[in-house]
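Below you'll find the structure, written out as structure tokens, and then a few comments.
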Amino acid sequence: MSATNRNENGVEERPTRKDIEETASFLKKQTSDRPKLAIICGSGLGGLADIVEDRINIPYKDVPGFPVSTVAGHTGQLVFGKLSGKSVVLMQGRAHVYEGVPIWKVAIPIRVLQVFGVKTIFVTNAAGGINRDFSVGDIMVISDHVNIAGFAGANPLVGLNDDSFGPRFPAMSDAYDPDLMQLAKKVGHELGLDSILRQGVYSFLVGPSFETIAECRLLKTLGVDATGMSTVPEVVTARHCGMRVFGLSLITNKCVMEYNMREKANHEEVLETGKKRAKDLQNLVSKMVASIDGI
Ligand code: HPA
């Protein structure tokens, strides 16, 4: 995939299937691992990589066509190795639309991983709690999403459709795999996490500014439980090309919904909560991985 894939108007072109295949082949030359599961580690959740064994790290900047993240808390590399004895690839960090990366480009790694042979994606993120019953440090299993940014045209599938990846109009009514949601509940229970394990709807706004009070109130009326600035581009792309998806949000802060509250969302709190809950998240994900057949 060429680094500057620009047309005569200076607009960056989407990579073709051939470009994606070339990047997948590049990765196959770096490792003999052939994982069927990929895990995207969100803000402050990259610590999962610490428990991966026999690691091979490949920085995004070395992978042709991969977007590179510039955010604190996002390392920016692929980590191949073994988790619970199973072959996995982690995306330690991700690019975001708010960094100025085109939404289709944010999702390029998903297509590369699909061509590489990955069948299932776990997505994790840090999110603000909209649901008033949620506390900071809760872990929410994502049951559905609202692509708020999509209401204004931000969808990674906008543009010519490549039928070799998936249909022009893919369904999203079954985006999050019910069996994996069920498994998360079971494993969470076994780990004694019942009191912090939640389930709910995630919404995607581009950011980087956190939400206003009026926006948080709106999200609540829309049935949103937690909101963030990522995940949906990857999930839409993964479902389009037939991958199975499971998602977790770590509730790093409570969204401010009252005008007399003094608290404000901030990125440091997001990273701090990530650190505190890292162990629980790692245990949940690694025990789930151990329990999934066929990966
Ligand atoms: N809003 C949006 N994104 C976030 C938040 C939030 O409150 N917390 C962590 N990511």
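The ARG262 and GLU21 beta-carbon pair, evaluated with R₀ = 51 Å, returns a calculated FRET efficiency of approximately 0.45.
The slack in the chain from THR221 to LYS29, taken as 0.36 nm per residue of separation less the alpha-carbon distance, amounts to 64.2 nm.
Counting pairs of Cα atoms in the chain, how many percent are more than 27 Å apart? Summing the P(r) tail past 27 Å for the chain gives 37 percent. On the basis of the beta-carbon distance and an R0 of 51 Å, PHE151 and ASP293 show a calculated FRET efficiency of 0.85.
Taking other Cβ atoms within 10 Å as a rough exposure proxy, GLU53, GLU269 sort from fewest to most as GLU53, GLU269. Taking one quarter of the surface of the C-alpha convex hull of region 111-204 gives a mean projected area of 7.8 nm². By the beta-carbon count within 10 Å of each Cβ, the least crowded to most crowded order of LEU48, LEU160, LEU218, fewest first, is LEU160, LEU218, LEU48. Dipole magnitude for the chain: about 340 debye, using +1 per Lys or Arg Cβ and -1 per Asp or Glu Cβ, origin at the Cα centre. Placing a label point 7 Å from the Cα of ASP62 along the Cα-to-Cβ line, the residues of region 91-114 whose backbone N sits under 15 Å from it are 92. For region 164-295, the calculated P(r), taken from all Cα-Cα distances in 10 Å bins from zero up to the bin holding the longest distance, is 10, 34, 36, 18, 2, 0 percent. Kirkwood's formula applied to the C-alpha pairs of region 250-295 gives a hydrodynamic radius of 12.9 angstrom. The distance linking region 158-225 with region 24-57 is 23 Å (Cα centroid to Cα centroid, whole angstrom). Per residue, the convex hull spanned by the alpha carbons of region 1-102 comes to 99 Å³. Dividing the summed -39500 (n - 2.57) terms of all DSSP H runs of n ≥ 4 by the residue count of the chain sets its mean residue ellipticity at 222 nm at -9000 deg cm²/dmol.
Here the Gaussian network model covers the chain, with springs between Cα atoms less than 10 Å apart; of LEU222, LEU78, LEU183, LEU222 fluctuates the most. Look at the dipole of region 161-249 built from charges on Cβ: of THR212, VAL232, TYR202, the Cα furthest out on the positive end belongs to THR212. When you restrict to C-alpha pairs under 8 Å that are six or more residues apart and normalise by the size of the chain, the relative contact order lands at 24 percent. Of the residues LYS28, LYS254, the one with the fewest other Cβ atoms within 10 Å heads the list, and the complete ranking is LYS28, LYS254. With a Förster radius of 41 Å applied to the beta-carbon distance between ILE213 and LYS276, the computed FRET efficiency rounds to 0.95.
Readers should treat all values here as calculations from the given coordinates under stated rules, not as data from a laboratory. None of these values were measured; they are calculated from a predicted model. FYI the Cβ positions are ideal-geometry reconstructions off the backbone, even for glycines, and counts take in every protein chain you see.
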